[in-house]
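> Would you mind keeping the following structure in view while I ask a few things?
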Amino acid sequence: MADDITEIDLADLERRMDGAMASLRTEFASLRTGRASATIVEPIQVDAYGSMTPVNQLGTVNVPEPRMITINVWDKGLVSKVERAIRDSGLGINPVVDGTIIRLPIPELNEERRRDLTRVAAQYAEHARVAIRNVRRDGMDQIKKAKGMSEDDQKMWSDEVQDLTDKSIAAVDKALESKQQEIMQV
């Protein structure tokens, strides 16, 4: 009977739930909260040297003050391409070029935009919850398919999977609440 119990891999389920949480953190980092963050420019790709390259691989990205991002482009010939990529990215940021340094002043967010961003954050959190529930469903299916497992063992494993799910969803809710407070902070 001990061999049947090893079919339920709680560590794998926990790893997959943590992956959903890590994905949520990445999505939250991409939301612009009115404060400068180097993660804002991470998704921007520039056509450099014949291939699409992330901005952070073409220069040094710094945050010298709360409302400013600077990019020190290493190759002078790419400054205009990086500037164009930032303008075309849809971030709503107007780059200012000074030699090989590109300054990105982060504008204040108005109340309506803050509310929109909190709704987007809530959608990201809901996607993470769905991913966690899908992992839970997979775990429950493993328990049901385990041959020779007693009802007591099934109940014990089901409770373990549910506890893991509850903890992960609570972490998502806490992260969402924190991000929404950060967005609404003026």
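The values are calculated or read from the model by the stated rules, or taken from the named source; none is laboratory data. For clarity, every value in this text was computed on a predicted model and none was experimentally measured. Backbone-built Cβ (ideal geometry, glycine too); neighbour counts: all protein chains shown. Note: accessible area is taken over every heavy atom of the protein model, side chains too, but ligands, DNA and RNA are not part of it. Shrake-Rupley method; radii C 1.70, N 1.55, O 1.52, S 1.80 Å.
> Take Asp47 and tell me if it is touching a helix residue (DSSP H, G or I) at 6+ places or on another chain (Cβ under 8 Å), more than 20 Å from Ile106 (Cα to Cα), in a strand (DSSP E or B) and among the charged types (D, E, K, R). Can you show your working first?
Working: touching a helix residue (DSSP H, G or I) at 6+ places or on another chain (Cβ under 8 Å): yes; more than 20 Å from Ile106 (Cα to Cα): yes; in a strand (DSSP E or B): yes; among the charged types (D, E, K, R): yes.
So Asp47 passes the test.
> If the requirement is being touching a residue at least 24 places away in the same chain (Cβ under 8 Å) and touching an Asp or Glu at 6+ places or on another chain (Cβ under 8 Å), which of these qualifies: Lys81, Lys76? Even if it seems obvious, please write down each step before you answer.
Details: Lys76 fails: touching an Asp or Glu at 6+ places or on another chain (Cβ under 8 Å).
When all the criteria are applied, what remains is Lys81.
Residue by residue, here is whether (1) assigned by the TED database to the domain that holds Gly139; (2) at pLDDT 85 or above holds:
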| site | (1), (2) |
| --- | --- |
| Ala2 | no, no |
| Ile5 | no, no |
| Glu14 | yes, yes |
| Gly19 | yes, yes |
| Ser23 | yes, yes |
| Glu42 | no, no |
| Asp47 | no, yes |
| Pro54 | no, yes |
| Val61 | no, yes |
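For every residue, the table says whether it meets (1) farther than 18 Å from Ala29 by Cα; (2) surrounded by fewer than 15 Cβ atoms within 10 Å (Cβ to Cβ).
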| position | (1), (2) |
| --- | --- |
| Ala48 | yes, no |
| Met68 | no, yes |
| Leu78 | yes, no |
| Glu83 | yes, no |
| Ile86 | no, no |
| Glu111 | yes, yes |
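> Open to solvent by less than 60 Å² (accessible area, probe 1.4 Å), more than 30 Å from Trp157 (Cα to Cα) and of a type in the set (S, T, N, Q): is that true of Thr26 in this structure? Even if it seems obvious, please write down each step before you answer.
Details: open to solvent by less than 60 Å² (accessible area, probe 1.4 Å): no; more than 30 Å from Trp157 (Cα to Cα): yes; of a type in the set (S, T, N, Q): yes.
It is false that Thr26 is open to solvent by less than 60 Å² (accessible area, probe 1.4 Å), more than 30 Å from Trp157 (Cα to Cα) and of a type in the set (S, T, N, Q).
> For Gln154, work out the one condition from (1) in a helix (DSSP H, G or I); (2) in contact (Cβ under 8 Å) with a residue 24 or more places away in the chain it doesn't fulfil.
The one condition Gln154 does not meet is (2).
Conditions tested, residue by residue: (1) at pLDDT below 90; (2) more than 26 Å from Lys174 (Cα to Cα); (3) in a helix (DSSP H, G or I).
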position: Glu27; (1), (2), (3): yes, no, yes
position: Lys81; (1), (2), (3): no, yes, yes
position: Ile86; (1), (2), (3): yes, yes, yes
position: Leu91; (1), (2), (3): yes, yes, no
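> Among the residues that make up region 116-128, is at least one of them polar (S, T, N, Q), over 23 Å from Ala36 (Cα atoms), open to solvent by less than 70 Å² (accessible area, probe 1.4 Å) and in contact with a helix residue (DSSP H, G or I) (Cβ under 9 Å, 6 or more places away or on another chain)? Explain how you work it out, then say what you get.
So in region 116-128, the residues polar (S, T, N, Q) come out as 118, 123.
With the extra rule that they be over 23 Å from Ala36 (Cα atoms), the set shrinks to none.
For region 116-128, residues polar (S, T, N, Q), over 23 Å from Ala36 (Cα atoms), open to solvent by less than 70 Å² (accessible area, probe 1.4 Å) and in contact with a helix residue (DSSP H, G or I) (Cβ under 9 Å, 6 or more places away or on another chain): absent.
> Taking Ile106, is it farther than 20 Å from Gln180 by Cα and surrounded by 12 or more Cβ atoms within 10 Å (Cβ to Cβ)?
Numbers: farther than 20 Å from Gln180 by Cα: no; surrounded by 12 or more Cβ atoms within 10 Å (Cβ to Cβ): yes.
So Ile106 does not fit the description; no.
> Which one of Ala131, Ala146, Ala125 is over 21 Å from the mean Cα position of the chain (by Cα) and in contact (Cβ under 8 Å) with a residue 40 or more places away in the chain? Explain how you work it out, then say what you get.
Working: Ala131 fails: over 21 Å from the mean Cα position of the chain (by Cα); Ala125 fails: over 21 Å from the mean Cα position of the chain (by Cα).
Ala146 is the lone residue from the list that is over 21 Å from the mean Cα position of the chain (by Cα) and in contact (Cβ under 8 Å) with a residue 40 or more places away in the chain.
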